[in-house]
Structures are given as structure tokens and as C-alpha cells.
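Have a look at the structure below, then the notes.
Please treat every number below as a calculation from the coordinates, not as lab data. On a predicted model such as this, the values are computed, not experimentally measured, just so you know. Methodologically, a virtual Cβ is constructed for each residue, glycine included, from the backbone with ideal geometry; neighbour enumeration extends over all protein chains shown.
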Amino acid sequence: MKILLVGDGAREHAIGASLKVGPTCPKLYCLMGCRNPGLIRLADGYKEGNVEAPEEVLNAATNFGVDYVVIGPEAANFAGVPDLLEEHEIPCFGAKRRLAEIERSKVFLRRIMLREKIPGRIRFLVFSNRDDAITYATENPENLVFKPSGQVGGKGVRLIEGDKVYLLSATESIKKSAAQTAEKFSSVLALDEKILIEERIFGPEYTAHFLCDGRTFIPMPLVQDNKHAFNGIEGPETGGMGSISGPGMLLPFISEEDASKAREIVEKTVGAIQKEAMDAYSGVVAGQMMLGTGCWDVPLEFYSRFGDPEGVNVLNMLDLEAGASFEEICSATISKRLNTLKVRFKEVASVVWAIAPEGYPQRRDLARDHPIDVDEAAISKDGCKIFYGSVSHEGEKMVTKGSRAVEVYAEDSEIERAREKVARAVRHVRLSDGWGLFYRSDVGSRQLLREWIEIAEDARISSRHRESKGTLYRRVDFVPGKGKIVYEI
């Protein structure tokens, strides 16, 4: 078996490592934008190139003579890489362009959920320019979230406390800035509608991954990603500074009931997009969910691939002794035989911390080109695994490329015990030129878990109350000069 892996981050390093273990012993080839040290070691051959260019991926797959291709990053799906491969009869574990639209366009996701009356709906409005968005937000003193209309790696999201009327002038200025930011990040996307404004909801976030071959859905362990840069849920949002999972399939603050609701939302949404695209989904799909106060489980967005760092958790939790390997899963997904496999996950808890150079995420220029030293033997001795992210092997050294450099993974019987292992292991990563590194040391901490457990229970109580009153999908505002306004969603 010969496989081409597309992508070059920590998620792809974890995918490559998972593909190489198991009974089939495949040969692994890689197409990378930069020379990921972990993938270079794993690969039987590799090529540097544009992972978002369908023709380049096709040429690599043809030249290496692979049996199928595994897509890592979402941008390759958006660009139609799986479409071109399958046109040339090269199977692909990855969502085709029209199916990946549930991730590329947040507006498309909201509209398809509204049209099909899929649970998890929230109120939203869409604007083609910032002036109209600012006018609406100024006239409506609500708690709002401004977002770019499509997927831009979590950037450009702003939360506004609009109902604090005593801060009206300051809030209006913030709304203008939020609209400008959302429009700016949307400018890189080929979408007519630029700005998405949603009602603000509050609660614990979690990611629900599923393997999908178009007919069968297999759930993977729930994961919580931590987007904010600094401890205490502070600082700018990032691509993800750390994640926790387990023990087992759930999280300490997410119940079986919540997981069941997430599955219903994902299955119905994928069913709707398959009907619209007239095609079958193939690969991984995930809902980045929030257990919202007064609105149950709501997808903040969808992924048409593994999350990062969440994918590092779930891939390493696969139980190869009791179930199929990841290579067997990919092969079965492509041939639509997922229902014939036993897919099992270890009953463990897992923790990932991402380590980034100072400057990330706002000044990536400052976070670039620093030589990085990693004592892999010491990390392994501490009971952890290392996955290389935004790092390139250049000459005799490894250098940072401006984003999260490495991700450290550990598992144990409890989240806190796994966290202790990671906390020891991160000491073995440094930049040899003296530039600083940072990470979220509170990911997996007892205090943070306790806070999310309390918030989650409050969210359930409020949601049950609204559901019993029949107001789960009804919103009522009182706007000065307009009176009461009732919205059905």
C-alpha cells in the first residue's frame, strides 16, 4: 500500500505517524509546503510544493504511484484537490469542494441549518459591506459576535457586549472596529457576503469528530480545544494552544446527552449537504460545538478535516489492539466499508500543549526564523510524544516558521495526570538563539475543569427551562423606539 499525505503541520505529523502503524505497513509519501522534520523521518519519499494546488497534488500522487491520498489541511479541500484526484481515478480521504462548503462558508452552514430546521440553530444576519453591518449593530443593543463570513483559521472574530448601554459610545466604536476586522479577513475569500453577525452565546466549547464514508458515521472521542493565547482564557485567539480529551469518549463537563445532540446535528447537516451536492462525503467531519446557556448544543463552525490540535488527541487514542488501524480506516472510508470495521478508542485521558515562539499570533514575523532544539529522548522518557508543526528542517538545523512550533501529547487515566506529564516535557523544547517560547500551562488543570463543569450545568438547566417553555428557537428583543420584536429561528 502506498499513500500520499498532503500537508505539513502537527496535525499532518500525527496523521502520518498513525498511518505508519498497524498491520498493513504502508509506504508513506508526503507533499509539504515546508520540510516538516517529523514527516521527513516518517516518509519513504517527499516533495515540497503547494498543498493547495490541485495539479501539484495530482502530479505528486502520479509520480509516487500511490494507491490513495489523505488530505490534512482544509484549504486543499476548498481548492478542490479531492475533486481533481477522483477525476483521475485516484481515491482520496478528504471532502470534495462542494461538501467542504460547510466549513468554507459559515453563512452557508447557518442557512442550511435554518432551511432544514436542524437542531442547534441560532439567530444570524449577513452583510456584504461593513457600513450596513455597523448600521444594524448600532441600532440594536444586543450581545453580538462579528465573524468573517468564511473560514480564515479562527481569525477576525470579535465579541461585543452590546446591552451595556452605559458604555454606548465606547461600544459603538468597538462595533465599527469589529465590522472592519471581519471584512478585512473576509477579503481573502471569494465570497460576496463578507460579515456574519450572530447572537452571542456562552458555554463550554468542544469538538465532535466523526469518520464518514457517506453512509456510516463513527464518532471519535470528544475534545476541547483552547483557542486563547494565554492562561485564564485571555489574549487573542489562535489556531489552538492546547486540547484535552477523555477519559474515554466524553469530557468531564460534556454528558452522553450532549454528545448525542452533537451527533444528531452533524449527521443531519452532512445529510443535507450531501443531498445538495449530490455527492457522498468521504473523510473526517467535525462540529466545533458550544453547550450554550439556554440553547443546548450549537455548532460554532464545522471542520471538513481533523482539528489541530484536536486531531493529535483522537488519532493517538485509537486502540490498535481492539480495533482497526488508521490506514485500515482510511481504506474502508474510501471504499465505503466503514460499517464493516471495528473502530475502538482507548479508555484514557489525553492532553496536548502547543508551544509557540513569542510574537505569535499577532506578530508572526517576529516568531519566524528562530533555531529550535528539541530533546526528543527526554520527552519520550517523560511519557510524551512530540509532533512538529510550524517548523522547517533547513540544512543542519530546524527553524520556526511563525506559528505554533510543536505540540506535546500525553495520555493517562486522568486528564490532570496527563497534564503533569506534558508540563514536565515542555522543558525540553527551547530556541537556541534565546528568543522566548510560550504555552498555555492551564490546559487540563483542575481549576479550569471545575469552572467548565459548573458552567456546563448552568447551561443545561437554562436550556431545559427554555425547551419546556417552547422558546428554544424564539428570541425576543426590546429596542427603544421599536418596541418588542419576536424572532423565530
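List of remarks:
- Sparse-neighbourhood loop sites, GluC sites (Glu not before Pro) in the stretch 306-395 - DSSP loop, at most 12 other Cβ within 10 angstrom: E321
- Long pairs among K47/K275; K2/K227; K20/K47, criterion Cα-Cα beyond 26 Å: K47/K275; K2/K227
- Here the 3J(HN,Hα) profile of the stretch 298-307, calculated from phi with Karplus coefficients 6.51, -1.76 and 1.60 at θ = phi - 60°, is 10, x, 5, 6, 10, 10, 9, 6, 5, x Hz, Gly and Pro shown as x.
- Of all lysines in the structure, those lying under 19 Å Cα to Cα from K381, and not within fewer than 8 positions of it along the same chain, are K421.
- Length added when fully stretched, I233-D319, from 0.36 nm per residue minus Cα-Cα: 27.7 nm
- Kyte-Doolittle at least -1.0, axis length at least 24 Å by Cα - qualifying DSSP helices, the chain: 168-186, 256-277
- The mean sequence distance of close C-alpha pairs (under 8 Å, at least 6 residues apart), as a share of the length of the chain, puts its relative contact order at 16 percent.
- Summed side-chain charge close to E407 - residues other than E407 whose Cβ falls under 15 Å, Lys, Arg +1, Asp, Glu -1: 0
- Looking at the chain alone, DSSP beta bridges between its own residues are antiparallel in about 80 percent of cases.
- For a straight C-alpha distance cut-off of 25 angstrom, the lysines reachable from K484 (same-chain residues fewer than eight places away being disregarded) are K117, K164, K175, K469.
- In nm, spacing of pseudo-spin labels at S177 and R337 (7 Å Cα→C-beta vector): 5.7
- Per DSSP, loop GluC sites (Glu not before Pro) in the stretch 1-102 with at most 14 further Cβ within 10 Å: E89
- Gap separating the Cα centres of the stretch 228-282 and the stretch 441-489, nearest whole Å: 18
- Gain upon complete extension [I40, L366; 0.36 nm per residue less C-alpha separation]: 114.8 nm
- Figure legend: label point modelled 7 angstrom from the Cα of K117 along Cα→Cβ; no residues of the stretch 249-286 have amide N under 11 Å from it.
- Ranked H465, H428, criterion: other C-beta atoms within 10 Å, fewest first: H465, H428
- Note on E264 and D433: their simple-model spin labels are 5.4 nm apart, each label 7 Å out from Cα toward Cβ.
- Extending 7 Å from Cα along the Cβ direction at H88 and again at K397 yields two label points whose distance is 3.8 nm.
- The stretch 80-117 residues near the modelled E276 label - backbone nitrogen below 16 Å, point 7 Å along Cα→Cβ: 96-117
- Cβ-based net charge around D382, under 9 Å, with every Lys or Arg adding one and every Asp or Glu removing one: +4
- Each Cα pair under 8 Å and six or more residues apart adds its sequence gap; the mean of these over the residue count of the stretch 205-438 is a relative contact order of 20 percent.
- Placing a label point 7 Å from the Cα of C25 along the Cα-to-Cβ direction, the residues of the stretch 42-66 with a backbone N closer than 16 Å are 44.
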